[in-house]
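Accompanying notes for the structure given below.
Each value in this text was obtained by applying a stated rule to the coordinates, not by laboratory testing. This is a predicted model, so every value here is computed, not measured. Every residue, glycine among them, receives a Cβ derived from its backbone with ideal geometry; neighbour counts consider all protein chains shown.
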Ligand code: ARG
């Protein structure tokens, strides 16, 4: 009589010895793939339901398997069942627990399936959930920025290039720039959510199956929009992992740029913003310190996304078709990247709410930098001067103001005319920061009425995102599990 294997496994018939314990630990993915347990159970439910519909699984076996999987899923969700053991991966754990409950019928679940199509399916379901969650978090942050922007349409401030004061703008315009970057992120996350919805169950290990399966039924039960065109491609593909990591990394990158501004703006040097006590931290040594640590960490954590993406690209490069264990290396970087993006979005939302803007300091910063020199040149162009000449003349006016130690709008008209002969009385409307912003009514510009339009457009985008979130329902098979309909019409 053979000894019972020390560790449960899904293979063993052809092996005469136990796997070396060091290599068992080294090759196991259970410590990190156990987080796929609910998704793998959902994938298995869809597969079993499809097998039953095709007559590959008898009615009594379907009852045992679907009932058993559903009970396991419910207990896992209610935390009545702990997902642990010495199993090599989550798939092995599920099959072991199912066998303990329903006996031999459990052995029929893996008909026309391999762990290769199984793991990809579980990961696709997981990625879709995680992306939906990122979209929900991103839109919440977008709304904070939108509401703040709405309140600061006439809060004049310098806009920067090269981190040098460049042209007058408004705080609203600035905040909306971040909101639009996040909007692009949201659309990208949604796109990847769609891409991940490819059903690969039924591809088998690589070469399909001889059983009369109907993968389009599995796709239906999973809520996926497409079915694999080629079984080899199906099990080898990890594009959805890369795309998800890239989309999450871009979120992190955008947040890091915003966070860097929070750090800068809350310095005494800038003084454009202050942090409420609930979003700042202190120093153990210097009693006066108030540090923007959450912002610094959001800035720093972006590195994880880039690192994860590099790991994934490197792990996947050169992997021959189809499944190879290298593909098991897809999980940890992906999870880290998605977790980090979720945590940073959440922290950024709290932090953003705790920022008090110092619009007085922003207004002060509009002095001294001759920020309306471009407006002077544009005024001259409207008077018929070629832009290059106008640029030259406005530059001379700047030199004059600098020498006098005054602002451009404080130059007397005769002095201005020395530099810019075409200047008339009405030039002063273009020289004040407020006048300058109000005149920049071009598409997407900072003029308050243009910003009002942007706010309108953004409101529509937010509404579209909210509608998408409401429509991104759990897979039909999950709903059938919740409502006890798994055996319906079998
Ligand atoms: N743990 C594996 C992974 O995450 C599951 C697939 C294993 N397939 C196999 N042929 N060993 O990729």
Using all Cα-Cα distances in segment 442-490, what percent lands in each 10 angstrom bin from 0 up to the longest?
22, 23, 18, 14, 12, 9, 1
Rounded, prolate or oblate (a/c below 1.5 giving rounded, otherwise prolate when a/b exceeds b/c) for segment 8-62 by Cα gyration tensor:
oblate
P(r) of segment 68-115 in 10 Å steps, Cα pairs, percent per bin?
25, 57, 18, 0
Over 45 Å apart: what share of the alpha carbon pairs of the chain falls there, rounded to a whole percent?
34
May I ask you to order 44-54, 329-339, 360-370 by the average number of other C-beta atoms within 10 Å around their residues, highest value first?
44-54, 329-339, 360-370
Throw me the Rg/Rh for segment 108-263, computed over C-alpha atoms with Kirkwood Rh, two decimals.
1.20
Distribution of pairwise C-alpha distances over segment 216-334, 5 Å bins, in %
2, 10, 14, 14, 12, 11, 9, 8, 7, 6, 5, 3, 1
May I ask you to sort 411, 23, 131, 81 by Cβ crowding, counting other Cβ atoms within 10 Å and putting the fewest first?
23, 81, 411, 131
Pop a pseudo-label 7 angstrom from the Cα along the beta-carbon direction at both residue 78 and residue 187 and give the gap in nm to one decimal.
4.5
With no solvent and one point per C-alpha, what does the Debye sum give as log10 I(q)/I(0) for segment 50-176 at q = 0.11, 0.18 Å⁻¹?
-0.60, -1.08
Fully extended, how many nm does the chain gain between residue 18 and residue 353 (0.36 nm per residue separation, minus their Cα-Cα distance)?
114.9 nm
Mind ranking 134-143, 299-308, 71-80 by how tightly packed they are, going by the mean number of other C-beta atoms within 10 angstrom, highest first?
134-143, 299-308, 71-80
Relative to the longest principal axis of the chain, what angle (0 to 90°, nearest 10) does the C-alpha long axis of helix 373-382 take?
70
Crossing angle, helix 90-102 versus the chain [Cα axis fit, 0-90 degrees, rounded to tens]:
40
How far is helix 59-77 tilted, in degrees, relative to the longest principal axis of the Cα atoms in the chain, given as a value from 0 to 90 rounded to the nearest 10?
40
Over the chain, the sum of -39500 (n - 2.57) across DSSP H runs of at least four, divided by residue number and rounded to 500 deg cm²/dmol, gives at 222 nm -19500 deg cm²/dmol
Quick check on packing: order 275-287, 209-221 by the mean number of other C-beta atoms within 10 Å, highest mean leading.
209-221, 275-287
Give, in whole angstrom and from largest to smallest, the semi-axes √(5λ) of the equivalent ellipsoid of segment 242-283, with λ running over the eigenvalues of the Cα gyration tensor.
28, 12, 7
